[in-house]
Amino acid sequence: MTDARRATEPLRIVLVEDDEPIRRRLAAIITGWPGATLVADCATLAEAVAAIEAQSFDLLVTDLKLPDGNGIEAIRLVGKLRPQAESMVISVLTDERSVLDAIEAGAAGYLLKDADSLDLIDAITDLMAGRSPISSRIARVLVRRLSERGEMAAPVEDRPSLTPREMDILWGVAKGFTYGELAERLGMSRQTVPVHIRNIYRKLQASNRSEAVFEAARLGLIRL
């Protein structure tokens, strides 16, 4: 799909989720968003495979644990048959093997099922813009693996310079505090917090909380 089409037409999304209440909730979020069209709503891997083979689409949003297989198989099939499309996981699984297998299969994002509607829409928007949205707990899994491989802790001279106040806020972001909680804990106005967070994102070249936490840990600024 070209950039021009992305800017003018809704994203075509294939959803794969076996839990009916969760599938309905996710489907409602997608169908209620003007930026997307739900082209397939699947409860099994077999249904997902049929949908992937039958039509063109822009994004696969899939669970991993399905009654007849694993969503990773659907992600691999997307890479083979629909290389122009992207894949994103939304799952309860946070173990290292599931996360790494999904990403190695081609998933460009990984959210947990506790994501609310704004989180999901923001994640889809980020992913289609070329970024990799990941929940903070998933970022920790990746950080641990990078650390084990010795790929962490950039040289001090290569690390961005954050002020002490920005470091305080970064730690709060890593712990999942809201803007209001950060303001209360650090004794500042709530309106000031987003200003500091934007500066942190700019210095870390991040676009959201999870990317900021991941980059900060990868660079050795914080330890999770």
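The tail of the calculated P(r) for the chain, taken as Cα-Cα distances beyond 22 Å, holds 54 percent of the pairs.
Where both bridge residues fall in the chain, DSSP classifies roughly 10% of the beta bridges as antiparallel. Listed values for region 34-51 are Karplus-derived 3J(HN,Hα) couplings in whole Hz (6.51 cos²θ - 1.76 cosθ + 1.60, θ = phi - 60°), namely x, x, 9, 10, 8, 9, 7, 10, 10, 10, 9, 5, 4, 5, 5, 4, 4, 5, and x replaces Gly and Pro. Annotation: amide H-H contacts under 5 Å for L162 (H modelled 1.01 Å from N, sequence separation of 5 or more, or interchain): none.
Under a 5 Å amide H cut-off, with hydrogens placed 1.01 Å from N, R12 pairs with T37, D58, L59 among residues at least 5 apart or on other chains.
Beta carbons within 10 angstrom, averaged per residue: use that to sort the peptides 119-125, 193-199, highest first.
Per-residue Cβ counts within 10 Å, averaged per peptide and sorted highest first, yield 119-125, 193-199.
In order along region 78-86, the phi-based Karplus estimate (6.51 cos²θ - 1.76 cosθ + 1.60, θ = phi - 60°) of 3J(HN,Hα) comes to 4, x, 7, 9, 10, x, 7, 8, 10 Hz; Gly and Pro are listed as x. Taking amide H as placed 1.01 Å from N in the peptide plane, S87 has its amide H under 5 Å from the amide H of L60, A108, each at least 5 places away in sequence or on another chain.
Karplus-derived 3J(HN,Hα) values for region 176-185, using 6.51 cos²θ - 1.76 cosθ + 1.60 with θ = phi - 60°, are x, 5, 7, 4, x, 5, 5, 4, 5, 5 Hz; glycine and proline are entered as x. For region 1-127, the square roots of the Cα gyration tensor eigenvalues, ordered a ≥ b ≥ c, give a/c below 1.5, which places it in the rounded category.
Let me confirm the definition first: pairs of Lys residues in the chain, 8 or more apart or on different chains, C-alpha distance under 21 Å. How many are there? For the chain, qualifying lysine pairs total 4.
Just so you know, all these numbers are worked out from the coordinates, no wet-lab data involved. What you see is a predicted model, and the numbers here were worked out from it, not measured in a lab. Using ideal geometry, Cβ is built from the backbone for each residue, glycine included, and neighbour counts are taken over all protein chains shown.
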